[in-house]
Amino acid sequence: MRNKIVAGNWKMNKTFPEAEELLNELYEALESVELGSVQVILCVPFPYLELAVDFADDSSFMVGAQNVHDHDSGAYTGEVSAAMLKSLGVDFSIIGHSERRKYFNESHAFLKSKVDTALKHGLGPIFCCGEVLPEREAGKHFDVVKSQLEESLFHLTPENFRQAIIAYEPVWAIGTGVNATPEQAQEMHAAIRSWIREKYGEEIAADTSILYGGSCNATNAKELFSQTDVDGGLIGGASLKGEEFLQIIKAALLPFAAL
Ligand code: PGA
C-alpha cells in the first residue's frame, strides 16, 4: 500500500546559515516523532544538498533535489546531473514543477527525458502536474493534467512507474494562499488514480502516492490529507518554517478517524 509523504520544496530560499538552522531544527524535532509509514522528503537548493544528506543520514527524512538535467553528463554549463545527485546520497528530484514549465519553458518532451534519466540513475521523480486558472475556468483541468501525465510519465514501464511520486499542484494555488478545496483536490486525485489504473492496473494505482501542492499549510493540511486519494503534500512556503512544517507532517500521521 502507498505511503503518505510530506515533501518540502524550499525553492530558491535561504542562505547557507539559514538552511543549516532549519535542517537542525527539523532534525531535532523529528527525533521525537514516530513517522511510521509517513515519508518526509526535503527538496533543498543544490548547494545545500550535501548538508541535508548529512543530517538525513542520522534522521528519518530523505533528501530530494528540485531539478535535474536530462543528459547523463557533458558540456551543459550550470546544470546538475542525476548521477551527481545520486552520488551525493540524494534519492529524489522534483520534475515538471510549474515554475520550471513556465519560467524555463520546460516542455513535455524535455520532462519525459528528465524522468527517464533520473530513473536510469536511481533517482525517484516527484512529478508535478496541474492546470492554470483559465484552464480550470474553461473546464479543461482534467484534460490538461491527463495530457501532462501521458506526455511525460505514462511511457514508463510498470517497474519504473512504481518509482514515481505524483504531485498535483493547481498552478492557481501555488504561492497564492488560495488552496484547492479538499473536494477539488480529491476529485483530481481520484481522476489521476483512475488514469493510472487504466494504464498500469489496480495494484500500481493503489500503490502510487499522489501528493497535493499549492498553499498547503498547518491549518488546511489535515483536511486535505484526510481525502481518500490525497497521500500527503508537496509544500512550498510552509516548508520554510520549521514549526509549521512539523505540524503538516503531524497532519499526515493522523489516521482518517482522528480528524
Ligand atoms: P506553495 O508551493 O506551498 O508555496 O504554494 C507549493 C509548490 O510549489 O510546490
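Taking (1) touching a Lys or Arg at 6+ places or on another chain (Cβ under 8 Å); (2) within 15 Å of the ligand (Cβ to nearest atom); (3) not aliphatic (A, V, I, L, M) in turn, Lys241 satisfies each apart from (1).
With respect to the stated conditions, Ala7 fails to be touching a Phe, Trp or Tyr at 6+ places or on another chain (Cβ under 6 Å) and either hydrophobic (A, V, I, L, M, F, W, C) or within 16 Å of the ligand (Cβ to nearest atom) (or both). Could you tell me whether Ala205 is touching a helix residue (DSSP H, G or I) at 6+ places or on another chain (Cβ under 9 Å) and within 16 Å of the ligand (Cβ to nearest atom)? So Ala205 fails the test.
A Cβ distance below 6 Å, combined with a sequence gap of six or more or placement on separate chains, defines the contacts here; from the range 55-83, residues that are under 23 Å from Met12 (Cβ atoms) and among the polar types (S, T, N, Q) reach residues that are surrounded by fewer than 20 Cβ atoms within 10 Å (Cβ to Cβ) and at pLDDT 95 or above in the pairs Ser81/Ser73. Does Glu131 satisfy the criteria of being of a type in the set (Asp, Glu), over 15 Å from Asp231 (Cβ atoms) and within 16 Å of the ligand (Cβ to nearest atom)? Criteria met by Glu131.
Residues of the range 116-142 that are of a type in the set (A, V, I, L, M) and assigned to a loop (DSSP other than H, G, I, E, B): Leu123, Val132, Ala138.
Restricting attention to the range 212-224, the residues that are more than 9 Å from the ligand (Cβ to nearest atom) and either under 15 Å from Ile41 (Cβ atoms) or in contact with a Pro (Cβ under 9 Å, 6 or more places away or on another chain) (or both) total 4.
The values are calculated or read from the model by the stated rules, or taken from the named source; none is laboratory data. Please read these numbers as outputs of a predicted model, since none were measured by experiment. Here Cβ is always computed from backbone atoms with ideal geometry, including for glycine, and neighbour counts include all displayed protein chains.
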